[in-house]
């Protein structure tokens, strides 16, 4: 990956709807070589997909909850059940298996505490959990989907 690829990726991370001609102009390439580079970046899996970022507040899901989950179950059957459960809950927007005291960390978006309580009840009824701890975000200080490109 060279400087052109990094510049193209930086532009696409900011606005994936930007026309190829405009991207090419900004990075110093004509449309055809720019388009070929974008296709190669997609084929290589560097560009996984292009999506629209929506405004949570305007969709009435402005409350973010970080949920730490601990379990005493560490077997394949439980893991499959828990992963399926979490995948089925649309309010869970991120899901990580962790190292340390927490086994799993979930990011949940909901309109209010009552809606979070419904998600919580789905979690505790759907899988055997040792501990569930919830932290409500008071303010979003930084949020970006753009990844740093200096390491590529």
Test of understanding: in a Gaussian network model of the chain with alpha carbons linked when under 10 Å, which of 52, 115, 137 would top the mean-square fluctuation ranking? 52
With Cα coordinates, the longest principal axis of the chain makes an angle with the long axis of helix 76-87, in degrees rounded to 10, of 70 degrees
Rounding to the nearest 10 and keeping the result within 0 to 90°, find how far the Cα-based axis of helix 113-126 lies from the longest principal axis of the chain. 70 degrees
Listed residues 73, 87, 140; largest mean-square fluctuation, Gaussian network over the chain with Cα springs below 10 Å, found at 140
Dividing the alpha-carbon radius of gyration of the chain by 2.2 N^0.38 Å (N being the number of residues), what value is obtained? 1.35
Name the shape class, rounded, prolate or oblate, that the alpha-carbon gyration tensor gives for the stretch 3-43, where a ≥ b ≥ c are the square roots of its eigenvalues, rounded holds for a/c under 1.5, and otherwise prolate holds if a/b is larger than b/c and oblate otherwise. rounded
So what does the Cα-only Debye profile of the stretch 63-136 read at q = 0.11, 0.15, 0.20 Å⁻¹, as log10 I(q)/I(0), no solvent term? -0.23, -0.44, -0.80
Could you tell me the center-to-center distance, by alpha carbons, between the stretch 77-103 and the stretch 8-32 in angstrom? 36 Å
The chain: angle of helix 3-14 to the longest principal axis, Cα-based, in degrees nearest 10: 50 degrees
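Values in this text are rule-based calculations from the coordinates and carry no lab data. Only a predicted model underlies this, so the values are computations on that prediction, with no experimental measurement involved.
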